Amino acid sequence: MDSAPNFILLPLLLLSLLLASIPLTTSQSAADTNSSSPSDSDLCNGVFVSYTHTKGSKIPPNDSSNQPYRFESVVTVLNNGRDELKSWRVFVKFSHREILVSASNAVLSDGSSLPLSVENGTVFAGYPSSDLKSAIQTAGDVTQMQASVELVGTQFGVAPPNVPLPKNISLVTDGWKCPKATQKGKNVLQVCCMPDPDFNNTEIIDNEFLPRQNGDLTIMYDVIRSYSSNYMAQVTMENHNPLGRLDNWKLSFDWMRDEFIDTMTGAYPSLVDSSDCIDGPQAKYYQALDFSNVLSCARRPTIIDLPLTKYNDSVFGFKPYCCRNGTILPKSMDPSKSISAFQMQVYKMPPDLNISALSPPQNWRITGSLNPDYKCGPPVRVSPSQFVDPSGLPSNKTAFASWQVVCNITQQKDTSPRCCVSFSAYFNDSIIPCKTCACGCSSNRASRTCSTTSPALLLPQQALLVPFENRTELTLAWSYLKHRPVPNPMPCGDNCGVSINWHLATDYRGGWTARVTVFNWGETNFPDWFTAIQMKKAAPGFEKAYSFNASALDINGENNTIFMEGLPGLNYLVAERDGDNPLKNPRVPGKQQSVISFTKKLTPGINVPGGDGFPSKVFFNGEECSLPSIFPTSNGNKLRHISAILLALPVLALLILRV
């Protein structure tokens, strides 16, 4: 009798257990589904870039209107593509007046050193590892596929818990395209970048090294001999810009791993000092090395070229392309002088004490005395350079390892030109001078007695030969004659070391002529000087220069540039010097002058006096000069020749003013 109820209860018990297990199984399945959902980076089949703000805090001083805050963030670059990502570069468009203090595993691609204001954004380049392997190459080893850059800096105006995210991030390595980054949550900005289908990257993928790039100036860092504790490097700078040039070049860079320079040939540190080694870890490790002979232990040394007299010096010189006082010319002037080179012996520190542990310096910068500004990218590993075998055999010898640094001419923000141009013409007896403060003015208002905003006053022709500080009386007399107002205070000078006068000399049916005069108001002589004139319409009609060596120059497919230099043996622009009687006569500038002629056959319809006969850009030794904003106009005195009476008028007016 008892077995029947048990027989009935047993199936019910099993059924209840089965029903109870169903919700549990469903819940577990949902949990499994949620945990296995792919992340945004997993869904990216290209390069995934993210910016994550990790921490922020208020820092002194207390300023309610302009409060600074510390920020910490991480930029992550993950290569999920099929091929290796070589020489990665990421742009971060900061937007809160950020000052970057430190960045791990990366350097700034323009060669700038930290701390640095990056309020307009900056590009990071990988260092010491600049390449990211793919998952296919590493079996998914994220440590070789990913780079993380930890940033620390200061931003203004965004108080925690608000997050100062940048406006955008993107991968700027050649051959990649990125959409606009999207925000994830409160503190993450991310983007998935894909290969550009219009970019031919076959050469990049198939070769071990990146191809060499073009630039206005390239620097090769070639390791030509390598040992466990030190190596010999050759640094070669080559000018590729037809208007680029360097005088008295100074080259600087940052050692990143406590290296120091023991010896050099072909160049020299601007400061010979080994104290940083003696006080640092270098002297402790190299106890047997005589540090009194070490040339430089600076973390950022500055290298300068040697004078010509050291070229045949067996200790310091005797190297091809060295010892030219830091002059690098355009190839159009002299190909052999478009290159400068030197060698240096570099000692390494632990843990890099093996023959293949090589790391080039970073943050390269090169400057000249009156030359364009250059911005240099990071060193990029390229195929080893080849050199002529020193044994004399008909073979080449390769470098142990090679890196290329590409530098391009740039216009620095808030920088002034270092040369200026004045305009004059046969139909107007006044000269339009260089602009007020064309090459900058003192920022000390208390000590300034002139106006930085008033336009420069028109000049008589003879005033061009007089330094600005001696022109006041001539200028006032000319303004009096011309019935032109004189501001009080008077305009400041142009403050330029070099000025160029472009004078429209004649204009006739079949052609026209101009006279170019180059003035050197500084204390530096300019050997092998050049000037380049760009004209929008008139350049194709150029015929010849009578006292200069001149030729038409094709730049970027446009025939709009006239390149001029001194004749052989006369290509030397001297510095300003004292007058014959220094107590009475003003100083005399160095001067070179030539007339140049044009034909109208190749430029029909040209309006020479209306502006086509004046340059749109002028360069001196590669530096772009400041131009007037107006052209001379006809004032009714269309005089083909300046009479002696006219030249004497300012002097007569000056005598009247003194009475």
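Descriptive notes on the structure:
- Any chance VAL382 is among the aliphatic types (A, V, I, L, M) and either surrounded by 15 or more Cβ atoms within 10 Å (Cβ to Cβ) or touching a residue at least 60 places away in the same chain (Cβ under 8 Å) (or both): yes
- When LYS601 is tested against (1) buried (at least 16 other Cβ atoms within 10 Å of the Cβ); (2) outside any strand (DSSP E or B), just one condition goes unmet, and that condition is (1).
- Residues in region 338-376 that are assigned to a strand (DSSP E or B) and either in the same structural domain as PHE530 (by TED's automatic domain parsing) or of a type in the set (Gly, Ala, Ser) (or both): SER340, ALA341.
- One residue stands out in region 394-411 among those that are over 18 Å from the mean Cα position of the chain (by Cα) and not aromatic (Phe, Trp, Tyr): the one that is farthest from TYR221 (Cα to Cα), namely PRO394.
- Within the option set THR122, THR138, THR143, being closer than 27 Å to LEU217 by Cα, out of contact with any His (no Cβ under 6 Å at 6 or more places or on another chain) and hydroxyl-bearing (Ser, Thr, Tyr) holds for one residue only, THR122.
- Residue in region 429-462 that is modelled with the lowest pLDDT, counting only those that are loosely packed, with under 15 Cβ neighbours inside 10 Å and among the polar types (S, T, N, Q): SER447
To keep it simple, each residue is scored yes or no on (1) assigned to a strand (DSSP E or B); (2) at pLDDT 95 or above; (3) among the polar types (S, T, N, Q); (4) out of contact with any strand residue (DSSP E or B) (no Cβ under 9 Å at 6 or more places or on another chain).
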residue: ASN200; (1), (2), (3), (4): no, no, yes, yes
residue: LEU210; (1), (2), (3), (4): no, no, no, no
residue: TYR221; (1), (2), (3), (4): yes, yes, no, no
residue: PHE253; (1), (2), (3), (4): yes, yes, no, no
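- Breaking point among (1) under 24 Å from ASN241 (Cβ atoms); (2) assigned to a helix (DSSP H, G or I), for CYS496: (2)
- Of all residues in region 305-332 being over 16 Å from THR236 (Cβ atoms) and under 23 Å from the mean Cα position of the chain (by Cα), the one that is modelled with the highest pLDDT: PRO330
- The residue list GLY566, GLY579, GLY610, GLY605 contains one member that is under 20 Å from SER424 (Cα atoms), without any contact (Cβ under 8 Å) to a residue 40 or more places away in the chain, in the same structural domain as ASN549 (by TED's automatic domain parsing) and not acidic (Asp, Glu), which is GLY610.
- Those strands (runs of 3 or more DSSP E) lying entirely in region 142-188 with at least 2 residues of a type outside the set (Ser, Thr, Tyr) and surrounded by 16 or more Cβ atoms within 10 Å (Cβ to Cβ): 146-156, 168-171
- Total residues in region 338-358, condition touching a residue at least 24 places away in the same chain (Cβ under 8 Å) and more than 24 Å from TRP249 (Cα to Cα): 10
- Test: residue in region 617-633 that is of a type in the set (Val, Ile, Thr), at pLDDT 90 or above and part of a helix (DSSP H, G or I): no
The values are calculated or read from the model by the stated rules, or taken from the named source; none is laboratory data. These numbers were taken from a predicted model, which means no experiment stands behind them. Ideal geometry is used to build each Cβ from the backbone, glycine not excepted, and the neighbour counts take in all protein chains shown.
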